[in-house]
Amino acid sequence: MSKTEPRAKKTSIAWALIPLLLIALMAFLLIKAGPRGLFPGEFPPIEELTVGRVKLEPGKIVLVVTNGGPSEVVVSQVLVDDAFWDHEIEPGRTIKRLRSATVTIEYPWVEGEPVEVALVSSTGLTFPHSIEVATETPPIDRKFIITFGLLGIYIGLIPVLLGMGFAPFVRTLPRSWLIFFMAFTAGVLIFLGIETVTEALESAEALPAAFGGIGLIAFAAIGSFAVIFAASRWFRKRTGGDRRVVVAFLVAAGIGLHNLGEGLAVGAAYRIGQIALGAFLVVGFALHNTTEGLGIVSILGDKKIAIRRLALLGAIAGLPTVLGAWIGGFFFSPTLAAVFLAIAAGAIAEVVVDVMLAIKEEGAGAASGPPAMLGIAVGLTVMYVTGILIAA
Amino acid sequence: MKMPRLFVRRPKDEGGLALTRRQLLAAGSLGAAGLLTRGGRKASAFQHEQHLRDHFGNTTVGEVDTKIFNPMTYLEEFDRGKESIQPDGTVLREFQITSVDVEIEVAPGVFFPAWAYNGKVPGPTLRANAGDRVRVNFTNAGRHPHTIHFHGFHSAGMDGVFELVKHNETFTYEFIADPFGLHLYHCHTPPLKRHIHKGLYGTFIVDPPGGRPPAREMVMMMNGFDTNLDGENEIYAVNSVAHYYMRHPIHVKQNELIRVYLVNITEFDLINSFHSHATFFNEFRTGTKLEPDNFTDTIILGQGERSILEFSYREPGSYMFHAHVSEFAELGWAGMFEVT
């Protein structure tokens, strides 16, 4: 028996190799002969170009263009506001499938006015891109890093820490109110989750079709849900830590991922002049995110933890905003944004599950009782109301 | 107070300075061009290129392949046909025209699937004297049915409207060249808009008895191309190639009489226009009279309208000519005369 076993294994691999070889052969023949060998008739080329990043400098427009179509595209001319314009394309005019190129145009754009750039391909197709309000892209220097860092701290870290200041108050609450506040956290998370999914879908729309936006989001979201689900259980088993504390860390991580996405969006929007960060907007973000801090300490309830660990929780939830703002400002790309946001959405969904399980542990029917239901509703409402302030 | 403000406007910014430097460069090349034009063409062409890149920005990039269609050759190429004397003593001119499906380059690297008379857009400039018998042997090698519709007097059967010439069929148009003037020919197969904007058109000149005074003659067909087929032109030009005469100025002599046969065959846009810099021209509307109708530097032509323009330049230098519809000029309908 022991002698025949390896032989049997080898045979089974060989059987699997045959279809694999056939697939490879078919792919080779198709690529070699082209679909024209099979389907007579000429197909007009389907060209697709997507403008990703745009940088405006004084007298200069720089675009990063991605070819998301099935065949290569040659960019022959560039139109700016319906005029042929001198330009340079790096690395070259021919953009291969799924490759990008940088188009640099010396153009005296006018501050505060719209600019429309159109790329003309060799087949005469035009790929327009509108810059709604032309404004200089801040250069990446020390000032930029400080500005965007402060931006993240104002709208991310400080509000979360302030919200966590409710910790001593939460500790004094009776049990039913604790359940209410834990459910409040779940409500906050559900709101953030929905917001994140919407933003991820919006980002996906700006992606070249070949990148399969929706599929990418589903993959990233489900993946992050599964990873965090497994990680949290492994973590609790290994450390034997208190469920409440572990869930509090998970909540902080979920909120942190969401804030990374938020930072990305705000950083990118600020960079391209899409939003003006007035005091009102910053206050709006602050109030909105204070709720997130309250959510973290609500999970801890009457569990006392060291101030150091409390600060760590705040950092996990709030600091990613800074990171996001930098990334968004430095090299925003819709692909990156969609992936980040989808990861956040998956993580938040998982944390909601853990929060509800933690509530369930508080007693029979706790997760479906009036305090829990009311908590979720109030959490959603508070997030909605403070969210109105952010509508830029 | 004004002077210091100018200097301290952007103290640390290189941008302001660079712009000034570039402007200086452009101004320098302008001045140098004036001095060097007598020196030779090479220097002037180089200056011209500098001029475009530094000062203009508004230009197509690269060069078209002129082996297939050369706008410079087209400009002064007249097809007078095969000439023979008929029994009654009058002149017969026989022309051969074949329509084909062909891809043409309308801006460097931008290709347009055209339908073309003799493989070129515009088709050949046909020229006859008033009273000549004109015979056009037309063969359609294109996949779609086509015709040739001439402007001028002729019988109904020679109008090129109802007798669609199908793939690989032939038709012979015959008529007396009348009246003298600047006319055109084009396909009249429905859908008309498409058959014209695809490129089936050309200029038809009928010279008056005794001809016109000697001049440097050139044909300019104002046309446009809807390259992405959205019902609007992406490219405008005279003689098909966007900004061609901008990058390759037409060389003429100081005080030389220039005669431009200007035809508007633009589709989609109701009007087109012509504006000459630093000179005025006599306009002969449709060229059907020998006295000018107008003395101006800007005219408007509707679709199918044409005019003969006569002018000259008093001083050497580079002079633009372009559509005064600025949008068309920026989308390719602009050129230059280099006067020496």
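I'd like the full set of residues that are at the interface with chain B (Cβ under 10 Å from one of its Cβ atoms) and either touching a residue at least 24 places away in the same chain (Cβ under 8 Å) or part of a strand (DSSP E or B) (or both), limited to region A:108-127. Working first, answer last.
Pass one, region A:108-127, residues at the interface with chain B (Cβ under 10 Å from one of its Cβ atoms): A:108, A:118, A:120-127.
Across region A:108-127, the qualifying residues are A:PRO108, A:ALA118, A:VAL120, A:SER121, A:SER122, A:THR123, A:LEU125, A:THR126, A:PHE127.
If I ask for residues that are among the acidic types (Asp, Glu) and within 13 Å of chain A (Cβ to nearest Cβ), which ones from region B:322-340 would you list? Scanning region B:322-340 gives B:GLU327, B:GLU330.
Of the residues in region B:231-282, how many are touching a Pro at 6+ places or on another chain (Cβ under 6 Å) and away from chain A (no Cβ under 14 Å)?
Just the residues of region B:231-282 that are touching a Pro at 6+ places or on another chain (Cβ under 6 Å), to begin with: B:239, B:241, B:244, B:254, B:282.
Adding the requirement that they be away from chain A (no Cβ under 14 Å) leaves B:239, B:254, B:282.
Final tally of qualifying residues: 3.
At least 3 residues being within 18 Å of B:VAL102 (Cβ to Cβ) is the threshold, and among the strands (runs of 3 or more DSSP E) wholly inside region B:122-181 those reaching it are B:133-140.
A:ILE190 satisfies every condition listed in (1) closer than 16 Å to A:PHE340 by Cβ; (2) surrounded by 15 or more Cβ atoms within 10 Å (Cβ to Cβ); (3) not aromatic (Phe, Trp, Tyr) except (1).
Could you count how many residues in region B:190-230 are away from chain A (no Cβ under 14 Å), assigned to a loop (DSSP other than H, G, I, E, B) and surrounded by 23 or more Cβ atoms within 10 Å (Cβ to Cβ)? Quick ask: steps written out before the conclusion?
Kept after step one, since they are away from chain A (no Cβ under 14 Å), are these residues of region B:190-230: B:190-196, B:200-223.
Now restrict to residues that are assigned to a loop (DSSP other than H, G, I, E, B): B:190-191, B:200, B:208-215.
Filter once more, keeping what is surrounded by 23 or more Cβ atoms within 10 Å (Cβ to Cβ): B:200.
Summing the residues that are away from chain A (no Cβ under 14 Å), assigned to a loop (DSSP other than H, G, I, E, B) and surrounded by 23 or more Cβ atoms within 10 Å (Cβ to Cβ) in region B:190-230 gives 1.
Of all residue pairs spaced 6 or more apart or on separate chains, those with beta-carbon atoms under 6 Å, a first member in region A:212-239 that is closer than 30 Å to A:THR50 by Cβ and a second member that is outside any helix (DSSP H, G or I) and of a type in the set (A, V, I, L, M) are A:GLY213/A:LEU207.
Per-residue answers, yes or no, for (1) of a type in the set (Ser, Thr, Tyr); (2) under 30 Å from A:ASP82 (Cα atoms):
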| position | (1), (2) |
| --- | --- |
| B:THR66 | yes, yes |
| B:PHE69 | no, yes |
| B:GLY81 | no, no |
| B:ASP101 | no, yes |
| B:GLU105 | no, yes |
| B:ALA116 | no, yes |
| B:ARG135 | no, no |
| B:PHE138 | no, no |
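Going through A:ASP86, A:ASP82 one at a time, which residue ends up being at pLDDT 90 or above, charged (D, E, K, R), closer than 23 Å to B:HIS243 by Cβ and in contact with a Leu (Cβ under 7 Å, 6 or more places away or on another chain)? Step through it out loud before you land on a result.
Details: A:ASP86 fails: in contact with a Leu (Cβ under 7 Å, 6 or more places away or on another chain).
Going through A:ASP86, A:ASP82 in turn, the sole match is A:ASP82.
Which strands (runs of 3 or more DSSP E) sit wholly inside region B:258-340 and have at least 2 residues that are within 28 Å of B:GLY131 (Cβ to Cβ) and not polar (S, T, N, Q)?
Numbers: elements: B:258-264, B:271-276, B:281-285, B:294-296, B:298-302, B:306-311, B:317-322, B:334-339.
Output list reads B:258-264, B:281-285, B:306-311.
Within the bounds of region B:138-147, is there any residue that is within 14 Å of another protein chain (Cβ to nearest Cβ), more than 23 Å from B:GLU83 (Cα to Cα) and surrounded by fewer than 22 Cβ atoms within 10 Å (Cβ to Cβ)? So far as region B:138-147 goes, yes, one or more of its residues are within 14 Å of another protein chain (Cβ to nearest Cβ), more than 23 Å from B:GLU83 (Cα to Cα) and surrounded by fewer than 22 Cβ atoms within 10 Å (Cβ to Cβ). Among the numbered criteria (1) more than 14 Å from chain A (Cβ to nearest Cβ); (2) in a strand (DSSP E or B); (3) touching a residue at least 60 places away in the same chain (Cβ under 8 Å), which one does B:PHE112 miss? Going through (1) more than 14 Å from chain A (Cβ to nearest Cβ); (2) in a strand (DSSP E or B); (3) touching a residue at least 60 places away in the same chain (Cβ under 8 Å) one by one, B:PHE112 breaks only (1).
With B:LEU309, B:LEU331 as the choices, which residue is crowded, with 16+ Cβ neighbours inside 10 Å, in contact (Cβ under 8 Å) with a residue 40 or more places away in the chain, under 14 Å from B:GLY181 (Cβ atoms) and among the hydrophobic types (A, V, I, L, M, F, W, C)?
On the way: B:LEU331 fails: under 14 Å from B:GLY181 (Cβ atoms).
Matching residue, one of B:LEU309, B:LEU331: B:LEU309.
Scoring B:THR125 on the criteria (1) farther than 24 Å from A:GLY124 by Cα; (2) surrounded by fewer than 17 Cβ atoms within 10 Å (Cβ to Cβ) leaves a single failure, condition (2). For region B:59-90, the candidate set comprises residues that are surrounded by fewer than 17 Cβ atoms within 10 Å (Cβ to Cβ) and either within 14 Å of another protein chain (Cβ to nearest Cβ) or touching a His at 6+ places or on another chain (Cβ under 6 Å) (or both); within that set, the residue that is farthest from A:VAL78 (Cα to Cα) is B:ASP65.
Considering every residue within region B:260-267, establish whether at least one is farther than 25 Å from B:PHE111 by Cβ and out of contact with any Ser or Thr (no Cβ under 9 Å at 6 or more places or on another chain).
First, the residues of region B:260-267 that are farther than 25 Å from B:PHE111 by Cβ: B:260-262.
Then drop every residue that is not out of contact with any Ser or Thr (no Cβ under 9 Å at 6 or more places or on another chain), which leaves none.
No - not one qualifying residue is present in region B:260-267.
Would you confirm whether or not region A:314-331 contains a residue that is modelled with pLDDT under 80, assigned to a loop (DSSP other than H, G, I, E, B) and touching a helix residue (DSSP H, G or I) at 6+ places or on another chain (Cβ under 9 Å)? Within region A:314-331 (the criterion being modelled with pLDDT under 80, assigned to a loop (DSSP other than H, G, I, E, B) and touching a helix residue (DSSP H, G or I) at 6+ places or on another chain (Cβ under 9 Å)), the answer is no, since none of the residues qualifies.
Here A:GLU48 clears all of (1) surrounded by fewer than 17 Cβ atoms within 10 Å (Cβ to Cβ); (2) at pLDDT below 90 except the condition numbered (1).
Which count do you get for residues in region A:193-229 that are of a type in the set (A, V, I, L, M) and crowded, with 19+ Cβ neighbours inside 10 Å?
Of the residues in region A:193-229, the ones of a type in the set (A, V, I, L, M) are A:194, A:197, A:200-201, A:204, A:206-207, A:209-210, A:214, A:216-218, A:220-222, A:226-228.
From the residues that got through so far, the ones that are crowded, with 19+ Cβ neighbours inside 10 Å too are A:197, A:200, A:204, A:207, A:217, A:220-221, A:228.
Of the residues in region A:193-229, 8 are of a type in the set (A, V, I, L, M) and crowded, with 19+ Cβ neighbours inside 10 Å.
Any chance region A:315-338 includes a residue that's of a type in the set (Ser, Thr, Tyr) and surrounded by 21 or more Cβ atoms within 10 Å (Cβ to Cβ)? Before the answer, list the steps.
Keep residues of region A:315-338 that are of a type in the set (Ser, Thr, Tyr), which gives A:321, A:333, A:335.
After this cut, where a residue has to be surrounded by 21 or more Cβ atoms within 10 Å (Cβ to Cβ) as well, the list is A:321.
Yes, because at least one residue in region A:315-338 is of a type in the set (Ser, Thr, Tyr) and surrounded by 21 or more Cβ atoms within 10 Å (Cβ to Cβ).
The values are calculated or read from the model by the stated rules, or taken from the named source; none is laboratory data. Remember, predicted model here, so these are calculated numbers, not experimental data. Positions of Cβ are backbone-derived with ideal geometry, glycine not excepted, and every protein chain shown enters the neighbour counts.
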